[in-house]
Amino acid sequence: MARRNKYNNIRSFGYDSMAEREYSEVLELLRLADPPEIVSFQHHPPAAVLVGSVRWRIDFLVETEKHKFYVEVKGMPTSDYKVKLELYRSIYDQGNLLPLFVVKKYALHRYKIIDSIGTDEIREPLI
């Protein structure tokens, strides 16, 4: 039987959820496209330090020709996630954090942006 994490998601090939794993497949297709939509992506980059010892291990760091940004894949928004998102939003303007997209899966390999911070100059990633 597959191992489930504390939010009852099925862990899949090193990813915390099936949605996260499937989103990595989308990113890989965008990286391999001709011309590539993204240059590279990293699963679970080093945690973003929010305040003091509060850290957020965001799902993906994505790099395009012009921009770097984070992508957080959400299933059910938890209270922990909501607190960290508000902390991120409150300290983003200090200049030491990258823009952030929060996406939610709504169909097979289809994702919708449910929140974003500092992404005004970035073209919406293909999701």
Of all trypsin sites (Lys or Arg not before Pro) in segment 29-88, which ones are in loop regions per DSSP and have a Cβ with at most 13 other Cβ atoms within 10 Å?
Arg57, Lys66
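Quick check: residue separation of Ser116 and Met18 times 0.36 nm, minus the Cα distance between them. What number comes out in nm?
Working: separation 98, 0.36 × 98 = 35.28 nm, distance 2.19 nm.
The span from Ser116 to Met18 would gain 33.1 nm if fully extended.
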Out of residues 5 or more away from Ile114 or on other chains, whose amide H comes under 5 Å of its own, with H placed 1.01 Å from N in the peptide plane?
Val102, Val103, Lys104
If each residue of separation counts as 0.36 nm, what is the full-extension length gain between His109 and Leu29 once their alpha-carbon separation is subtracted?
27.7 nm
Pairwise label distance in nanometres, Glu65 with Gln42, each label 7 Å out on the Cα-Cβ vector:
2.3
Given points 7 Å out from each Cα along the Cα-Cβ axis, report the Arg55 to Tyr81 separation in nanometres with one decimal.
2.1
Pair-distance profile P(r), taking every C-alpha pair of the chain, with 10 angstrom steps and integer %:
12, 44, 35, 9, 0
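Since every read-out is calculated from the coordinates, none of them should be taken as a lab result. Keep in mind that what you see is a predicted model, and the values were worked out from it rather than measured. Cβ coordinates were reconstructed from backbone atoms using ideal geometry, including for glycine residues, and neighbour counts include every protein chain displayed.
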